[in-house]
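Notes follow the structure.
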Amino acid sequence: MKRYDVVALGELLIDFTENGASEQGNPVFEANPGGAPCNVLAMLRKLERQCAFVGKVGNDMFGHQLKAVAEEAGIDMSALRMDDAVHTTLAFVKTDAYGDRDFSFYRNPGADMMLTEDELPLDMLRDTRIFHFGTLSMTHEAVRQATKAAVQVAKAAGAIVSFDPNLRPPLWDSLNDARAQMLWGLSQADVVKIADNEIAFLTDTSDYERGATLLRERFPNLRLLNVTAGANGSYAFCGDKKVFVPSYLLGGTVETTGAGDTFCASVLNFVLDHGLECLSREDLRTMLRYANAAAYLVTTRKGAIRSMPQPCQVEAILNEH
């Protein structure tokens, strides 16, 4: 028995999202708490999972806002570090007519990239069923070493490792470095959520099935590989099984922030209930339907941590469609 269902490590930041214009015609931005790993945990808390976050924010107004909102969501923040010298990372998000986003980051340096290996909560990392991480905690050397050390501690204690490549080109000095770290993450993971553009980036093919096959051949450790293709739907590859489920296109999309994280959390919730052995095609179809429905609901709201749907809302989508 483990104390935590999921422990996640990575970035915790403010997403400034567009929210209309002022009387003077200037764009107005709303300070939404976010960061992919904590978004995942926020959805898992809606599903009544025990979760903890490992990371660093600035000891500033935004850092305290993020800590308060995550605690409000029920996430254990006892391993959150607060940096007195470096400010909390900020992201300004511009959304187009289709809900897709363009990011501008204020981060070099940002507090999330200052986490060091000696700040890791080793007992927490050994006491979780699933350890989840992404690549934004691998863009700089110190936090990269902390991330890799955390993965090894969790793996040694028997945790399932979940990985989200989450490519954000502006945060890397070199896309070759980004590719190398994404591939390292894939080499460590049992469960992966990867987007269609990330498949193309890593495999030089826009054929999702071909790209997934190439990754699974290279990384036989991947027990469950999920590919999200935006409005087209999602794919699950597990053993010799491949399943596709279309997205819920029900209108009302505002922006896509947090959709992939909500999808990822829903998958991890399914894994906590069913494990990774002997999953049938119907199991995978059920998993993807729930994850797609939850992800759709998040696209109808601004922000992420405070926008995660209740299970009853997801079930309503599934029952009606």
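Between the C-alpha center of the stretch 267-292 and that of the stretch 224-245 there is a gap of 11 Å.
Restricting to the stretch 151-254, what percent of DSSP beta bridges are antiparallel, rounded to 5?
Counting DSSP beta bridges with both partners in the stretch 151-254, the antiparallel share is about 55 percent.
In a shell of Cβ-Cβ distance under 11 Å around Cys51, excluding Cys51 itself, what net charge do Lys and Arg (+1) and Asp and Glu (-1) give? Surrounding charge for Cys51 is +2. Taken along the Cα-to-beta-carbon direction at a fixed 7 Å, the label points for Met1 and Leu250 span 3.7 nm. With the chain treated as a Gaussian network of Cα nodes joined by springs under 10 Å, which of Asp190, Asp102, Asp76 yields the largest mean-square fluctuation? Result for the chain, Cα springs under 10 Å: Asp102 fluctuates most. For the peptides 19-28, 170-179, the ranking by mean Cβ contacts within 10 Å, running from highest to lowest, is 170-179, 19-28.
Need one word for the stretch 179-321: rounded, prolate or oblate. Basis is the Cα gyration tensor (sqrt eigenvalues a ≥ b ≥ c); a/c below 1.5 gives rounded, then a/b vs b/c decides. Prolate, because a/c is 1.5 or more and a/b exceeds b/c.
Farthest toward the positive end of the dipole of the stretch 4-320, out of Ala111, Val54, Ser234, is the Cα of Ser234, where the dipole comes from beta carbon charges about the Cα centre. Dividing the mean sequence gap of close Cα pairs (under 8 Å, 6+ apart) by how many residues the stretch 1-120 holds gives a relative contact order of 27 percent. With a Förster radius of 30 Å applied to the beta-carbon distance between Ala200 and Cys278, the computed FRET efficiency rounds to 0.45. For the chain, the mean residue ellipticity at 222 nm estimated from helices alone is -11500 deg cm²/dmol, where every DSSP H run of n ≥ 4 contributes -39500 (n - 2.57) and the total is divided by all residues, rounded to the nearest 500.
Using label points projected 7 Å from each Cα along Cα→Cβ, tell me how many nm separate Gln145 and Gln313, to one decimal. Here the modelled spin labels are 4.3 nm apart.
Calculate, in whole percent, how much of the Cα-Cα pair population of the stretch 191-273 lies beyond 14 Å. It works out to 64 percent of all Cα pairs.
Listed by chain and number, the lysines whose C-alpha is less than 27 Å from the C-alpha of Lys242, apart from same-chain residues fewer than 8 away, are Lys155, Lys193. Among the chymotrypsin sites (Phe, Trp or Tyr not before Pro) in the stretch 32-113, which ones are in a DSSP loop with at most 13 other Cβ atoms within 10 Å of the Cβ? Mind listing them? Answer by residue number: Tyr98. Each label point was placed 7 Å from the Cα along the Cα-to-Cβ direction; for His64 and Val28 their separation is 2.5 nm. Other residues whose C-beta falls under 15 angstrom from the C-beta of Thr128 contribute a net charge of +2, scoring Lys and Arg +1 and Asp and Glu -1.
Computed about its Cα centre, the charge dipole of the stretch 4-320 is approximately 600 debye, with only Lys, Arg, Asp and Glu carrying charge at their Cβ. Shown here is the pair-distance distribution of the chain: with all Cα-Cα distances grouped in 20 Å bins from zero up to the longest one, the shares run 34, 61, 5 percent.
Taken together, the values in this text are just the output of simple stated rules run on the coordinates, not laboratory data. In this text, all values refer to a predicted model and were calculated from it rather than measured experimentally. Cβ: placed from backbone, ideal geometry, glycine included. Neighbour counts: every protein chain shown.
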